[in-house]
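The values are calculated or read from the model by the stated rules, or taken from the named source; none is laboratory data. Note that the structure is a prediction, hence the values are computed from the model and not measured. Cβ placement follows ideal geometry from the backbone for every residue including glycine, while neighbour counts extend to all protein chains displayed.
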Amino acid sequence: MNCVFTAQLRDAVKMYEVIKSELLRRAIDHRCVNSNIKPAMTEKEVLQYVSVHSASEELPDLGQSLRDTELLSLSNPRWDVALMKVINGVMVGNAIKGFDELYEARESGEIALTVLEPSLPWTCSLYNKIAALVQTSVLLAIAFAGVYSLNKGYKYYKHYRQKQKDELFYMVERIVDILQSNTSEDGAVINHVRDMILPINDRHRMERTWRKAVDFINKNESRIRTEVQIVQGEPYEIWRWLGSPNLSASGFVPPPRESLPHEMYSISFPIQSSFRSPRNKSWQGQAFETQVGSVNSLPCSPTPCLKIRGMVDDGDRNLHTIREAVLSKCAHQCRILHCAVDTNSKCVYLKCADQNDAAIAYRSLHGWWYAGNLVTVKYLRLERYVQRYPDSPVSGPPYLKALQPASDWTS
């Protein structure tokens, strides 16, 4: 039955007046004092509370009065008393809206009365807003720290993988250089080649890279054959070079004076016999001054990106050697984010952390001889660099480092 008799209306209103203050106090204490305080009262708690705080002659039938109060609460939203379904002592779902829903809730569990939107003191409202703001800020900070850590971790992982790859191909090229220049018909003992490349204090650290290089050569290098020979009474694995032998000179001829820019008339060319073969590329001296204040150096760096010419030849296969040569020349002095060798344009592209680092790299590379060629450097706009290499790092660390700094010439 969904109606309240007139004779019972007074008792229902009386019960509402008794419990409303307690419901309001609990709702406020739950939000402002301690969230562990229950904001609602079950029917059993309501009956116990009313029996203590009202005379028995005022409410002779507490159960009927409570049911009538619940019906009136559904019909009068201005009372601000909501009915909730309780299962195993926990309020579930939204507030009950209709009489049928009320009867279903009574059959399946208990009913609890609560004030969902109490009028809070201004101090409590201010405290809750500050607490919510702090909580949101902490969550955002944690999320930002997580994204930042993931980004840094990915960059370090990518840098580590690239470093491992560079070390592997650099070692493979060193092995090929040694075997190509080896004129002995007996080949070279593999362990002896390792000892020629790796200093004693680096052998344990580079052991894994060495094994990868040996495996790479056995699987991918057709010019090298692995054999087992008896050397001084002991069986050893050796490498035998099957390709053409390495040349001792590059045949470099200095360009005519008329083909050079005016500011380069007075530069000195390296002696022809001092050049190594194209495979044994190295830095061979400085052609002209590029330090701060010289005519060949800009007073300030316009961009953090550089375009380097004169280091890549037609059909050049020593891309990792060229990249390592660039890094060995300037990576110990400035912060380098990205370095790439392009065989199509025959240029090396360098991206530094800022303009100051680019200026240092410029002065370290521009006007130097490399493998018989004069290296020239010019600045490249950042947007052009990003267009060519969209995956290049935006910032660091990590920064690129050389496997070993240049030792033939100081920069």
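Going through segment 179-190 one residue at a time, which ones are part of a helix (DSSP H, G or I) and either exposed (fewer than 12 other Cβ atoms within 10 Å of the Cβ) or touching a helix residue (DSSP H, G or I) at 6+ places or on another chain (Cβ under 9 Å) (or both)? Reasoning before the result, please.
Of all residues in segment 179-190, those part of a helix (DSSP H, G or I) come to 179-181, 190.
Listed by number, the residues that qualify are LEU179, ILE190.
The rows are residues; the columns are (1) among the basic types (Lys, Arg); (2) modelled with pLDDT under 90; (3) closer than 22 Å to HIS159 by Cα.
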| position | (1), (2), (3) |
| --- | --- |
| ASN318 | no, yes, yes |
| VAL326 | no, no, yes |
| ALA331 | no, yes, yes |
| HIS338 | no, no, yes |
| ASN344 | no, yes, no |
| ALA353 | no, no, yes |
| TYR362 | no, no, no |
| GLY367 | no, yes, no |
| ALA371 | no, yes, no |
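Is segment 83-92 home to any residue that is at pLDDT below 80, within 60 Å of the chain's Cα centre (by Cα) and of a type outside the set (A, V, I, L, M, F, W, C)?
The answer is yes, given that some residue of segment 83-92 is at pLDDT below 80, within 60 Å of the chain's Cα centre (by Cα) and of a type outside the set (A, V, I, L, M, F, W, C).
If you go through segment 94-107 one residue at a time, how many are surrounded by 11 or more Cβ atoms within 10 Å (Cβ to Cβ) and out of contact with any helix residue (DSSP H, G or I) (no Cβ under 7 Å at 6 or more places or on another chain)?
Narrowing segment 94-107 to residues surrounded by 11 or more Cβ atoms within 10 Å (Cβ to Cβ): 94-97, 99, 101-106.
If we keep only those that are out of contact with any helix residue (DSSP H, G or I) (no Cβ under 7 Å at 6 or more places or on another chain) as well, we get 94-95, 97, 101, 103-106.
Within segment 94-107, residues that are surrounded by 11 or more Cβ atoms within 10 Å (Cβ to Cβ) and out of contact with any helix residue (DSSP H, G or I) (no Cβ under 7 Å at 6 or more places or on another chain) number 8.
Does ALA287 qualify as being of a type in the set (A, V, I, L, M), closer than 29 Å to CYS330 by Cβ and modelled with pLDDT under 50? So that I can check it myself, show each step before the final result.
Values: of a type in the set (A, V, I, L, M): yes; closer than 29 Å to CYS330 by Cβ: yes; modelled with pLDDT under 50: no.
So ALA287 does not fit the description; no.
Evaluate the following for ALA188: is it more than 21 Å from ASN318 (Cα to Cα) and in contact with a Phe, Trp or Tyr (Cβ under 9 Å, 6 or more places away or on another chain)?
Against the criterion (more than 21 Å from ASN318 (Cα to Cα) and in contact with a Phe, Trp or Tyr (Cβ under 9 Å, 6 or more places away or on another chain)), ALA188 qualifies.
From the list ALA112, ALA141, which residue is under 45 Å from the mean Cα position of the chain (by Cα) and farther than 30 Å from MET196 by Cβ?
Within the list ALA112, ALA141, the selection yields ALA141.
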